[in-house]
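*Asks:* Dropping a structure here in structure tokens format, bear with me for questions.
Derivation of every value follows stated rules applied to the coordinates shown; laboratory data play no part. All values derive from a computational prediction rather than experimental measurement. Cβ coordinates were reconstructed from backbone atoms using ideal geometry, including for glycine residues, and neighbour counts include every protein chain displayed.
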Amino acid sequence: MRKINPLIIFVLLIFGVNFTHAQNSKIEQKEKITGTVIAQYSMNALLCVYHPCAVWLLVRLDQSKGKESLLARVTVEYFPNDNLTNRGFPTELVDKAKKWKFTAVRDANRNTAIEKYINSVDTTGKNITEEIATPAWILLSGAENEKIPVGEVLPSYFVKTGDYKKYKRQ
């Protein structure tokens with residue numbers, strides 16, 4: 001397995017990844033969504049340093065009976081804190097596939113195709129994504145039979161820090 005050059009990671013940090021949620025001039029409409037977290041973006045914890053950070057999740061949303069289930073990309077904000085376990089990274093969301101309730105804002109501006117590999121460039125700016133072939137998404141324990149919908153455009157949601165809780169049957 002080929003080692004990743006630290007300079008490539010630095011370039012990704014500076015130019016390649018934007019974890020902050022772009023604020024709309026519109027009033028954001030919150031909605032409740034419920035679903036099972038099945039995967040996380042593979043570089044979530046690595047790239048967070050002293051600013052609002054985010055964990056990107058693939059969530060299988062609950063649907064009405066008879067409807068096909070829908071996957072969504074859910075971005076959950078958190079703030080790094082050296083005094084907290086895992087620096088505040090919300091590990092409870094990604095320790096295994098579980099159902100969660102989110103208070104989210106639909107973010108149609110961020111609907112993008114699900115990528116197979118992490119976008120990577122070298123120091124000259126040359127795209128080396130296929131050469132390095134670092135998987136972009138990691139399936140969670142308990143979701144091994146799920147399929148990452150590479151190339152599919154999914155609806156996107158944004159969740160502020162702490163606006164989620166474990167699903168409990170009524």
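*Asks:* Under a 5 Å amide H to amide H cut-off, with H placed in plane at 1.01 Å, what residues pair with Y117 once short-range neighbours are removed?
*Replies:* Here the answer is A136, since their amide H atoms fall under 5 Å of that of Y117.
*Asks:* Once fully extended, how much extra length lies between A108 and T129, figured as 0.36 nm per residue of separation less the alpha-carbon to alpha-carbon distance?
*Replies:* Length difference between fully extended and current span is 5.0 nm.
*Asks:* Sum up the charges of everything whose Cβ sits under 12 Å from the Cβ of K165, counting Lys and Arg as +1 and Asp and Glu as -1, but leave K165 out.
*Replies:* For residues surrounding K165, the net value is +4.
*Asks:* Extension gain K116-N145, at 0.36 nm per residue separation less the Cα-Cα distance, in nm?
*Replies:* 8.8 nm
*Asks:* Under a plain spin-label model, where a point goes 7 Å from the Cα along Cα-to-Cβ, how far apart in nm are E152 and D62?
*Replies:* Between E152 and D62, the label points sit 2.1 nm apart.
*Asks:* So for the range 56-153, what percent of the C-alpha to C-alpha distances run longer than 19 Å?
*Replies:* Working: 2718 of 4753 pairs.
Counting pairs separated by more than 19 Å, the tail of P(r) holds 57 percent.
*Asks:* Now for a different question. Rounded if a/c is under 1.5, else prolate if a/b is larger than b/c, else oblate: which is the range 100-152, with a ≥ b ≥ c the root eigenvalues of its Cα gyration tensor?
*Replies:* On the way: a/c = 2.66, a/b = 1.48, b/c = 1.80.
It is oblate, given that a/c is not under 1.5 and a/b is not larger than b/c.
*Asks:* For each pair in K147/K168; K30/K165; K30/K96; K116/K160; K116/K147; K116/K166, compute the distance between the two Cα atoms and list the pairs where it is over 21 Å.
*Replies:* Exceeds cut-off: K147/K168; K30/K96; K116/K160; K116/K166.
*Asks:* If you don't mind, another one. Near the amide H of S42, under 5 Å away, which other amide H atoms are found, from residues 5 or more places off or on another chain, if H is placed in the peptide plane?
*Replies:* Residues meeting the criterion, in which the H sits 1.01 Å from N, are W137, I138.
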